[in-house]
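Visitor: One structure follows; several queries about it will come next.
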Amino acid sequence: MVDAVMLTAMLARIPEFGFSPNKIAVLGLNPLLLAHLVRAAWLAIGFLRGRRAFTALEGSQTRYLPVYGVWAPIVVVICPLVVGFA
């Protein structure tokens, strides 16, 4: 819920103050985090109900790491170029 409030405030400020590397990074990272957390919650509920093994949750966590690995260079290299910090 707090994340939704923060995103709303950030989106409202973009027309007023423009984009910044931080805003681009956060706006891109939030959908990645949402997808990751929804998947983790789904698997955790399945584990708690006895329908899934814990290794499914554990494997899901480690398989998602490359997604963050792809996002990090985008933030470091491309975001500054987009806003003219190069």
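Visitor: Divide by every residue of the chain the summed helix terms, -39500 (n - 2.57) for each DSSP H run of at least 4, and state the resulting mean residue ellipticity at 222 nm, rounded to the nearest 500 deg cm²/dmol.
Guide: Rounded to the nearest 500, it is -25500 deg cm²/dmol.
Visitor: At most 10 other Cβ atoms within 10 Å plus a DSSP loop assignment makes a site exposed; report the longest stretch of the chain without any exposed trypsin sites (Lys or Arg not before Pro).
Guide: Answer from the scan: 1-48.
Visitor: So what is the relative contact order of the chain, in percent, for Cα pairs below 8 Å that sit 6 or more residues apart?
Guide: For the chain, the relative contact order is 35 percent.
Visitor: Figure the gain on full extension for residue 62 and residue 47 (residue separation times 0.36 nm, minus the Cα-Cα span) and round it to one decimal in nm.
Guide: So the chain would gain 3.7 nm between residue 62 and residue 47.
Visitor: Under the Karplus relation 6.51 cos²θ - 1.76 cosθ + 1.60, θ = phi - 60°, what is the ordered set of whole-Hz ³J(HN,Hα) values for the range 64-74, x standing for Gly and Pro?
Guide: Karplus values, whole Hz, x for Gly and Pro: 7, 4, x, 4, 5, x, 7, 5, 4, x, 4.
Visitor: Across the range 24-37, in residue order, what do the Karplus-derived ³J(HN,Hα) couplings come to in whole Hz, using 6.51 cos²θ - 1.76 cosθ + 1.60 with θ = phi - 60° and x for Gly and Pro?
Guide: So the Karplus estimates, Gly and Pro as x, are 4, 4, 5, 5, x, 6, 4, x, 5, 5, 4, 4, 5, 5 Hz.
Visitor: Would you mind checking the tilt of helix 2-17 against the longest principal axis of the Cα atoms of the chain, expressed as 0 to 90 degrees and rounded to 10?
Guide: 20
No value in this document is a laboratory result; all are computed from the given coordinates. Computed from a prediction, not measured in an experiment: that's the story for all the values here. Note: ideal-geometry Cβ built from the backbone for every residue, glycine included; neighbour counts use all protein chains shown.
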